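Only one structure is covered here, and it is reproduced in the block below.
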Amino acid sequence: MNKKTAIALLTAGVLVVGATVAGATESIRLVVNGKEVQSDVPPQIVNDRVVVPLRAVGEALKADVKWDGETSTVTVDLPTQGNENNEDREKMAKIAKGFAEWQQHARTQMELIDARMEKSTGMTGKEAAKEYAAIQAILEKEIIQKAKEIYPPYKHSKAHNEFVDGAYRLEAGSRLLAMALEEEQKGNTEIGNTLAEAADSFFSNESKMDKFLSMNCAECHDKGEKK
């Protein structure tokens, strides 16, 4: 759609609205592409015509609206299809880059967790409790909390959600291990063993977590662009 056609349609739309609501006394809602637009200057009926703020409508259509006071000229430049495609590509590239950085962060944190889990094997008492507490802190602060700030690409959302679910399960499992250790220290061996067995069931989602960690989001989107 070229600029002249778009402006003509915009003008036609205003005239049709004017014909539809002429004579109305209540406040006039301004809706562009199905979304209500708020403006500091509300639409008004003047001589049985609805007059709408051009800047509010133009910007809602992603147009660049300018006023030249010297020539008393209003200029409206609607984005071309090419510009819109470029903006979409730039937006997707930004999302992919952020997602790839998040993946790398998650990989690093999971490596730390694996190292601490291995280190805790065979430990007892305060040393083991210290490792479990460190694992919980990494899961809570570096994975679960940070995951809430991530907007994954749609095609990777399932793998991402499964990874986060796995992180919650690991966090719950590490808490159960800490509780098991505490009961064993109290001499409640049977209860400790029961808690430890329950904890094992929370460590069964590692394959789905690995799927997320092994994905190459940047490479995936590069292939999509080449197609």
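Values quoted throughout were computed directly from the atomic coordinates according to the rules given, and no laboratory measurement underlies them. Note that the structure is predicted; figures quoted are calculated from it, not measured. When we count neighbours, we look across all protein chains shown, and the Cβ atoms used for this are built from the backbone with ideal geometry, even at glycine.
Structure shown: which of K66/K97; K186/K211; K126/K208; K35/K94; K97/K119 lie over 30 Å apart, alpha-carbon to alpha-carbon?
Working: K66/K97 34 Å; K186/K211 40 Å; K126/K208 32 Å; K35/K94 26 Å; K97/K119 33 Å.
Exceeds cut-off: K66/K97; K186/K211; K126/K208; K97/K119.
Between K148 and T71, take the C-beta separation as r, use R0 = 45 Å, and let me know the FRET efficiency to the nearest 0.05. For R0 = 45 Å, the calculated efficiency reads 0.35. Seen through its C-alpha gyration tensor, with square-root eigenvalues sorted a ≥ b ≥ c, the stretch 118-200 comes out prolate because a/c lies at 1.5 or above while a/b is bigger than b/c.
Counting 0.36 nm for each residue step from A93 to V46 and taking away their Cα separation leaves a gain of 12.2 nm.
Report the charge-dipole magnitude of the stretch 114-222 in Debye, nearest 20, computed about the Cα centre from +1 at each Lys and Arg Cβ and -1 at each Asp and Glu Cβ. Walk me through the numbers on the way to the answer.
Values: 14 positive and 20 negative charges, 64 e Å.
Roughly 300 debye for the stretch 114-222.
Excluding E127 itself, calculate the net charge of residues whose Cβ lies under 14 Å from the Cβ of E127, where each Lys or Arg counts +1 and each Asp or Glu counts -1. Counting the neighbours of E127, the net charge comes to 0.
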